[in-house]
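One structure below.
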Amino acid sequence: MSKIVVIGSISMDLVMETDRIALEGETVFGQRFSMVPGGKGANQAVAIGRLSQVGDEIIMLGSVGQDSFGSVLLQNLKDNNISVGNVGTVPQSSGVAQITLYNDDNRIIYCPGANGEVDPKNWTNEWQAFENAALVVLQNEIPHEANRAIAVFCKEHGIKILYNPAPARSTDLELLDFVDYFTPNEHECQELFPDESLEELLEQYPEKLIVTLGTRGSIYSDGKKIHQIPALKTKPVDTTGAGDTFNGAFGYGLSQGLPVFEALKFATLASHLSVQKFGAQGGMPTMKEMKESSYYEKNWNFE
């Protein structure tokens, strides 16, 4: 059993599939339009919720707007085994991500909306949700000041934090000393550490800095050597949410006692399965689906 608290964005994804990207001033036809729940915080919570077992407690903190999206977003979280008692509703629009799918990849424009109102200074009962948590999960689609206050609180109370600095911002490095796992992708890593090589960084932050490499997998140092966990090959249907699936599964594996190397392999399988279906959350696997994969390793020892 484990308790995981996720604080982050809860948004609606407006997804357009196209075989041609419009040039400036141009209109092109799309092949399909969909509205699907998203937001990096909600995505990572759903990835964890899908994997959770009886006795686990997955809690979401964040905000939705007073609009038609808000109730849909909350119900979606509930449907994925996530407690939403600490999700607030604020008098503005819910967060929205405009996503264009083209050539097996995605382009995203994000408007925070209600997610920009997440402010721990206004919390009272919300802090009780952190009690006995095995892990707290953060990302960057809520204000930096909120993330920093949460990170300081968790550090003071001995609660481990997985921080996914996406999308990257210059203030992210302020949190490095407060978090236990720091998981940028390689582009975010280069943006945050422009003057250092990847190898030097991994050696500087053993078992803390985990860098995702897209189709090349992920890489980290255990303090003795650098390990690269290769991605599992597949023909992707939709890569949206693959990184969030990876982070959620990595966090869940850690909360269940897996060492970093094994938790990364577990996360690699989860992200591999996730890209084989449409939508950021659509392909996120359940534990049953993980176990049905030929790549599942019995030594992970999930009941």
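Details
- Scanning segment 206-216 for any residue that is assigned to a helix (DSSP H, G or I), small (Gly, Ala, Ser) and either under 23 Å from Ser294 (Cα atoms) or touching a strand residue (DSSP E or B) at 6+ places or on another chain (Cβ under 7 Å) (or both) turns up at least one such residue.
- The lone exception for Leu173 - which of (1) assigned to a helix (DSSP H, G or I); (2) surrounded by 15 or more Cβ atoms within 10 Å (Cβ to Cβ); (3) in contact with a helix residue (DSSP H, G or I) (Cβ under 8 Å, 6 or more places away or on another chain) it fails: (2)
- Pairs, first more than 16 Å from Ser274 (Cα to Cα) in segment 212-235, second in a strand (DSSP E or B) and open to solvent by 60 Å² or more (accessible area, probe 1.4 Å), C-beta under 6 Å, six or more apart: Ile219/Gln228
- Any pair with Cβ under 9 angstrom, 6 or more apart, that starts in segment 279-299 at a residue that is within 27 Å of Glu17 (Cβ to Cβ) and at pLDDT 90 or above and ends at one that is assigned to a loop (DSSP other than H, G, I, E, B) and open to solvent by less than 10 Å² (accessible area, probe 1.4 Å): Gly283/Asp238; Ser293/Pro285
- Filtered residues of segment 64-77 (kept if open to solvent by less than 10 Å² (accessible area, probe 1.4 Å) and either within 18 Å of the chain's Cα centre (by Cα) or β-branched (Val, Ile, Thr) (or both)): Val64, Leu73, Leu77
- Applying the criterion of at least 2 residues that are under 22 Å from Thr183 (Cα atoms) to the strands (runs of 3 or more DSSP E) found wholly in segment 23-105 leaves 57-65.
- Of the residues contained in segment 225-236, none is found to be touching a helix residue (DSSP H, G or I) at 6+ places or on another chain (Cβ under 9 Å), open to solvent by 50 Å² or more (accessible area, probe 1.4 Å), modelled with pLDDT of 95 or more and part of a helix (DSSP H, G or I).
- Output for segment 5-36, where each listed residue is at pLDDT 95 or above and in contact with a Leu (Cβ under 6 Å, 6 or more places away or on another chain): Ile7, Ile10
- Of all residues in segment 107-126, exactly one satisfies the criterion of being surrounded by 19 or more Cβ atoms within 10 Å (Cβ to Cβ) and part of a strand (DSSP E or B), namely Tyr110.
The values are calculated or read from the model by the stated rules, or taken from the named source; none is laboratory data. As the structure is a prediction and not an experimental result, all values here were calculated from the model. Don't worry about glycine lacking a Cβ; one is built from the backbone with ideal geometry, like all the others, and counts go over all protein chains shown. Just the protein is used for accessible areas: all its heavy atoms, side chains included, with ligands, DNA and RNA removed. Shrake-Rupley method; radii C 1.70, N 1.55, O 1.52, S 1.80 Å.
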